[in-house]
Amino acid sequence: MTQMSPTIRIDHVGGPEAMKLVDLPVGEPGPGEIRIRHHACGLNFIDVYQRTGLYPLPLPLSLGMEGAGVVEAVGSGVTHLKVGDRAAYASNPPGSYSTLRVMPAKTVCKLPDAISFETGAAMMLKGLTAQYLLRKTLPQGGLQVGDFVLFHAAAGGVGLIACQWAKALGYQLIGTAGSDEKCALAREHGAAYTINYKREDFAARVKEITGGAGVKVVYDSIGKDTWDKSLDCLRPFGLMASFGNASGPVPAFAPAALGPKGSLYLTRATLFTHIATREATQAMADELFTMVTSGKVKIRIDQRYALKDVAQAHRDLEARKTTGCSVLIP
């Protein structure tokens, strides 16, 4: 049986106006697939990168990497989900900006009853990102209780989760944000220190906070605007963990520059490498679900938009007007 699903699609890369709401046919799931009806869809910067062509994908393209809803049909070979299950995911290929879709089941996880659909849609991509950063993307020798870490965009969706998770692990997270209000929000969620990068030199402030030693790791989703000074925040053998480009891609630089700064390490991490297998995805999701249901991590949803208003959602995200997480309601 084929059903029609309102879906946000682009036929060419461009600004928010490139996104159109169209009705697309949705059929039955094939082997290893499910059909899911969304109750909420997540909004993430990766959606912007795909819309603008920074991360090029074949066109036309249905957008959205994160969602939550109810499983309507299950293809052959899928054993971890059944019809009627509440489920949530962060997944390739894109397509969550929709009412209904058929998709690979591999990275779709059963959603605990204690977690709402909106929370599930808001937390999967951002929460799993915080998990792989703080638990897997670690400097030489790892992180111990009391260690300093620097986290940019600390009042954003990933940032507020990371603030809480880092506090639960005993780390001293130094968070940057673009306003005093956002800095206060990060502190409320567990940041040990905050820096308003519009008023302060964050590299100088980090050195002051750490007594001149620097941090063991910088988690940076900003990119171009924070790159050079972030390297200056690291102690010898520190790790620069780049995982986004909110201000634009990092310009080309010479790896030899890492030597004089203290034999630094550099990684460009992505979530989708970490969730490449069903087993890895479930293990990471189980840890995220435990942190959320225990109350150690609370998912803050500060913006809700109708699916048809997705262009405004993207404008707000790109203008850094948002805090916490945002969701689209089909």
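Computed from the coordinates by the stated procedures, all read-outs in this text should not be read as laboratory data. Remember, predicted model here, so these are calculated numbers, not experimental data. Note that each Cβ is placed from the backbone with ideal geometry, even for glycine, and that neighbours are counted across all protein chains shown.
Worth a mention:
- Shown here is the pair-distance distribution of the range 1-96: with all Cα-Cα distances grouped in 10 Å bins from zero up to the longest one, the shares run 15, 45, 31, 9, 0 percent.
- Counting only DSSP H runs of at least 4 residues, each contributing -39500 (n - 2.57), and dividing by the residue count of the chain, the helix-based mean residue ellipticity at 222 nm comes to -8500 deg cm²/dmol.
- Taking the empirical scaling 2.2 N^0.38 Å for compact globular proteins as reference, the range 180-330 has a Cα radius of gyration ratio of 1.21.
- The protection proxy used here, the mean number of other Cβ atoms lying within 10 Å of each residue, ranks peptides 94-106, 28-40 as follows, highest first: 94-106, 28-40.
- Note on LYS216: lysines with a C-alpha under 28 Å away, same-chain residues under 8 apart excluded, are LYS126, LYS136, LYS167, LYS182, LYS198, LYS207, LYS224, LYS229, LYS261, LYS296, LYS298.
- Length available on full extension from ALA184 to VAL145: 0.36 nm per residue minus the Cα-Cα distance, which gives 11.7 nm.
- A Stokes-Einstein calculation at 37 °C with viscosity 0.692 mPa s, built on the Kirkwood radius of the range 138-268 over Cα pairs, returns a diffusion coefficient of 228 µm²/s.
- Sequence-separation-based contact order of the chain, relative, with Cα cut under 8 Å and 6+ spacing, percent: 17 percent
- Label corresponding to Rg and Dmax of the Cα atoms in Å when calculated from the structure given, among (i) 21.8, 71; (ii) 39.9, 118; (iii) 19.7, 65: (iii)
- Computed Rg/Rh of the range 62-179, alpha carbon atoms with Kirkwood Rh: 1.05
- Highest-first arrangement of 148-156, 296-304, where packing means the average Cβ count within 10 Å: 148-156, 296-304
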